[in-house]
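Shown next, in structure tokens, is the structure this report addresses.
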Amino acid sequence: MRIDCIELRYCELPLTEPWRTSFGTDTETHTLLVRLIADGVEGWGESSPLPRPTYSPECSATCWAVLAEVLLPALAGAELNGPADVARRLAPFRGNPFAKAAVETAAWDLEAHRRGEPLGRLLGGTRSEVEAGADFGIQTSIDVLLEKVAAAVAAGHPRIKLKIGHGHDIEVVRAVREAFPDLVFHVDCNACYSLADDLPTLQALDAFELAMIEQPLHYRDLVDHAELQRRIATPVCLDESVHSVRDFELALRLGSCRAINIKPGRIGGLAAAVEIERRAREAGMPAWVGGMFESGIGVGLLIELASLPGFTYPGDLFPSERFYAEDLTAPVPRLGPECTFAVSTEPGTGYQPHIDRIERATTRVEHF
Ligand code: MG
């Protein structure tokens with residue numbers, strides 16, 4: 001396929017409630033949309049780093065700059081042998097996985113539309129619906145948290161995830177475990193602890209039979225995580241530390257984790273996500289789909305990815321109303337009665353871009 005036109009959009013959407021984690025509070029998402037047109041067919045991709053480089057060294061502004069000045073000029077007018085070719089073409093440019101994912105995911109959606117196939121099937125998916133976990137940021141009090149967890153359990157979510165951090169850890173986890181003795185839940189530390197200072201805290205979490213501890217240590221670390229995994233019984237799950245297939249290969253060799261959170265944005269797109277899913281499955285390691293603050297366009301891509309067989313733990317897949325008053329697709333992602341999302345049976349993801357709402361959310365647009 002020949003890439004005839006690429007449209008890059010910077011969109012700002014307010015969140016319906018502030019989201020607090022160990023690295024700060026976010027009140028809106030700044031997300032990047034890419035519309036790719038080839039041979040009269042179009043595909044949409046999305047990448048949602050945070051507005052400030054707190055989760056990752058990339059942020060929405062750096063992604064805009066790298067896409068506009070380097071990546072998209074290199075792809076506009078190019079002849080590609082399918083979506084896997086995008087990652088290969090962009091490989092000479094180091095790092096910047098969130099920027100790459102914006103256009104890489106669009107190429108997969110485009111290919112699904114060219115073939116008239118659901119995206120999940122194109123990626124190798126085998127499920128018709130995917131399970132969604134419930135996530136809670138750091139709350140104002142334990143009582144507020146317990147109320148929210150009770151509502152999520154009553155709604156039927158198959159697992160819960162709690163953000164924890166210094167001053168909001170052991171007592172929070174103990175309260176949730178005492179209130180919900182059989183609940184499947186895990187904690188996400190967003191890299192806030194260190195092996196040198198916090199080993200006793202992390203070892204104390206073993207008492208609560210968590211499904212996993214997500215990214216306890218430094219965001220670039222694999223070695224201390226391997227050491228930690230040898231010293232605690234709870235599986236370590238990596239998120240921030242894995243930026244590529246190669247990072248995951250190293251994590252496997254070092255024994256840095258026993259579970260993996262796969263976010264296409266963090267690793268450069270869907271081809272890398274599918275490859276890490278395959279390697280995790282072959283290693284017998286549970287994988288699950290992680291999310292950022294994507295609009296319905298990006299959530300649709302994540303739902304399709306989650307249909308692959310290696311995703312054995314419910315994903316961070318959120319219904320639109322969880323974060324947005326007005327989302328960017330029609331329909332918007334909604335949970336079914338069993339806390340699942342239906343995988344697409346039509347070409348692409350089944351969530352069509354809503355152009356009027358996208359126009360309203362767009363603060364910058366450029367064509368290549
Ligand atoms: Mg995480």
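The values are calculated or read from the model by the stated rules, or taken from the named source; none is laboratory data. Given the structure is predicted, the values throughout are model-derived calculations rather than measurements. Here the Cβ is made from the backbone with ideal geometry for all residues, glycine too, and neighbour counts use every protein chain on show.
Some notes on this structure:
- Long-range neighbours under 6 Å by Cβ, at least six apart or interchain, first residue among the β-branched types (Val, Ile, Thr) within region 61-89, second modelled with pLDDT of 95 or more and in a helix (DSSP H, G or I): VAL66/ALA99; VAL86/GLU104; VAL86/ALA107
- Members of region 193-215 found to be under 24 Å from MET285 (Cβ atoms) and either in contact (Cβ under 8 Å) with a residue 40 or more places away in the chain or surrounded by 15 or more Cβ atoms within 10 Å (Cβ to Cβ) (or both), listed by number: TYR193, LEU195, LEU199, LEU202, LEU205, PHE208, LEU210, ALA211, MET212, ILE213, GLU214, GLN215
- Within region 13-35, the residues that satisfy the criterion of being in contact with a helix residue (DSSP H, G or I) (Cβ under 8 Å, 6 or more places away or on another chain) and either among the aliphatic types (A, V, I, L, M) or under 13 Å from THR54 (Cα atoms) (or both) are LEU13, LEU32, LEU33, VAL34.
- Residue within region 216-230 that is under 17 Å from VAL289 (Cα atoms), in contact with a Ser or Thr (Cβ under 9 Å, 6 or more places away or on another chain) and away from the ligand (no atom under 11 Å from the Cβ) present: no
- Every residue from region 301-320 that is in contact (Cβ under 8 Å) with a residue 60 or more places away in the chain and not in a loop (DSSP other than H, G, I, E, B): LEU301, ILE303, GLU304, LEU305, PHE311, GLY315
Here is a yes/no grid of residues against (1) surrounded by 21 or more Cβ atoms within 10 Å (Cβ to Cβ); (2) among the aliphatic types (A, V, I, L, M):
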position: GLY298; (1), (2): yes, no
position: ILE303; (1), (2): yes, yes
position: LEU308; (1), (2): yes, yes
position: GLU321; (1), (2): no, no
position: SER344; (1), (2): yes, no
position: THR349; (1), (2): yes, no
position: ILE355; (1), (2): no, yes
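- Strands (runs of 3 or more DSSP E) contained in region 3-51 and holding at least 1 residues small (Gly, Ala, Ser): 24-38, 41-47
- Meets criteria (touching a strand residue (DSSP E or B) at 6+ places or on another chain (Cβ under 6 Å) and of a type outside the set (S, T, N, Q)) for ALA112: yes
For (1) in contact with a helix residue (DSSP H, G or I) (Cβ under 9 Å, 6 or more places away or on another chain); (2) more than 25 Å from CYS11 (Cα to Cα); (3) of a type outside the set (Gly, Ala, Ser), each residue gets a yes or a no:
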position: ALA287; (1), (2), (3): yes, yes, no
position: GLY290; (1), (2), (3): yes, no, no
position: SER295; (1), (2), (3): yes, no, no
position: GLY300; (1), (2), (3): yes, no, no
position: GLU304; (1), (2), (3): yes, no, yes
position: GLU321; (1), (2), (3): no, no, yes
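- Matching option when the condition is surrounded by fewer than 17 Cβ atoms within 10 Å (Cβ to Cβ), within 23 Å of LEU119 (Cα to Cα) and of a type outside the set (Val, Ile, Thr), among ALA87, ALA78, ALA101: ALA78
- The single condition among (1) surrounded by 19 or more Cβ atoms within 10 Å (Cβ to Cβ); (2) modelled with pLDDT of 95 or more that CYS59 does not satisfy is (1).
- If you go through region 253-288 and keep only what is closer than 27 Å to ALA102 by Cα, away from the ligand (no atom under 16 Å from the Cβ) and in a loop (DSSP other than H, G, I, E, B), you end up with GLY268, GLY269.
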